[in-house]
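Reviewing the structure listed below.
Every read-out reported here was derived from the displayed coordinates using simple, explicitly stated rules and does not represent laboratory data. In this text, all values refer to a predicted model and were calculated from it rather than measured experimentally. Glycine gets a Cβ as well: all are built from the backbone with ideal geometry, and neighbour counts include every protein chain shown.
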Amino acid sequence: MTDLLDLVAAAPEGPDVVAFFDFDGTVIDGYSATAVFKERLRRFDVDLFELWDISSAVVEMRLRGTTVDNLMDKAVRALAGKTHDELMQQAYLLFRSEIAAQIFPEARTLIAAHKARGHRIVLSTSATPYQATPVAEDLGFDALICTHPEIGDDGVLTGSLDGLSLWGPRKAAGIEDWAAAEKVDIAGCFGYSNGAEDVPMLETVGIPVALNPDGDLDRTARDRGWARVRLRKPTTGVDVTSTVRSVAALGSVLASAGLGATLGLLSGSRRVGANITNSVAPELALALTGIEVEVIDEANAWSHRPAVFLFNHQSTMDMIVVARVLRRDITAVAKKELARDPRFAPLGALFDVAYVDRANGAQARDAIKPAIDKLKSGTSVAIAPEGTRMPTSRLGRFKKGAFHLAMEAGVPVVPLVLQGAGDVMFRSAFTAHPGTVTVTVGEPVPTDDWTPETLDEHIAEVREFYERTLGHVR
């Protein structure tokens, strides 16, 4: 991987260099069609005839070596009568629940390296837009070359393909057509794929890379002297080791909370108990799960307190990481569902967290009043402005509550940009995996001159810091 990143860094700068990525097995660990079909099975959206039809097509591919065309035709035929909007809505839901977790973390690193050189990136796949579009948008691809089902004037799928599936040589032809239309010299471009069926695609570019290659492609790449790279798999599954370590970490948090509560009672100060817990629990939990935290510009976390500390939200691990960075004199504003989460509730009680019903605007405004009092008494507040966990590092919409809180209390906002939290623990997971989370602490942003009329502008400025730090803007 290091050699590949060096190769990208040595390439000419600018949009005339394009990196063409295959999708299934190359950018994601698995096959999106399988995820789509399983989801349809869960919704009882597959009858016995279609199940037999699809199964027989898969068997023919594996035993007789037939092309993907037969399977694709049958899969698209099953979509007849569904609307484009309906299928796109389902695609985004499936992305959030499953496919986002399949993205190779190092694929993001590779894509970021190309973007840093000003290269364009293109996702080229035989999959349909209903599989590939959410991933293409999340990773910031400049274009999507894919197989298109036919859509009628009424927005309803006909059950046929608009042309042929982009499989094998046809994918290579699709890339060549795109390059010709964009006036790109494909000889100076990169190509990435994992499957032997994409040898024609890799032959069209000047810099072919076998990324996570299957056996046949691995042999071909070796014989032709192409680069061969295997990416680290996403760590989102459940295994015995991660489960034991996560349970032990939870136990250490609960024990630390109990110790802090006891000492708080003895001292007559909830803040003392919370600070003791915060000095012990994060370190133990992170050590037991094998997660390391690297902090950039840590001095910014201490230069102006109290403050409203903002963090981008991907997993339950976020609060442990934030607590590790902030260490003392801190409470939080959290959604009311966390009051019933055994991993959070004991800490919530000890830290006197303000729980907010996101569906009730009036209640939410009342809930932040204690947080304002906390800030004015010297206790900082941590809050996720997105309001919910996101499936990837792509930011959700920033809500205004955290910014109103800082403005009304007259304290600065301090952005904490978490990178890697979703890799060590996926948004809906209960187990954590070893890895590294990097936290960049931004400079405190004063709110003294903020007004309700200028709030949107200030939120946009803070958000831009997140986007730039996360590498989402060039």
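For the chain, the antiparallel share of DSSP beta bridges with both residues in that region comes to about 20%.
Think of each Lys and Arg Cβ as +1 and each Asp and Glu Cβ as -1; about the Cα centre, that makes the dipole of the chain roughly 1840 debye.
Projecting the Cα atoms of His148, Leu110, Val135 onto the charge dipole of region 62-184, computed from C-beta unit charges around the Cα centre, puts Leu110 farthest toward the positive end. Beyond 31 Å in Cα-Cα separation lie the following of the pairs Lys82/Lys115; Lys115/Lys171; Lys115/Lys233; Lys374/Lys399; Lys376/Lys399; Lys82/Lys399: Lys82/Lys115; Lys82/Lys399. Here region 105-231 is assigned +1 on the Cβ of each Lys and Arg and -1 on the Cβ of each Asp and Glu. Its dipole about the Cα centre then comes out at about 680 debye. In summary, the aspartates and glutamates within cross-link reach of Lys38, defined as a Cα separation below 19 angstrom excluding same-chain residues under 8 places away, comprise Asp24, Asp29, Asp47, Glu50, Asp53, Asp73, Glu86, Glu98.
Applying a length cut-off of 24 Å (Cα extent along the axis) and a mean Kyte-Doolittle floor of 0.0 to the DSSP H helices of the chain leaves 240-267, 270-289.
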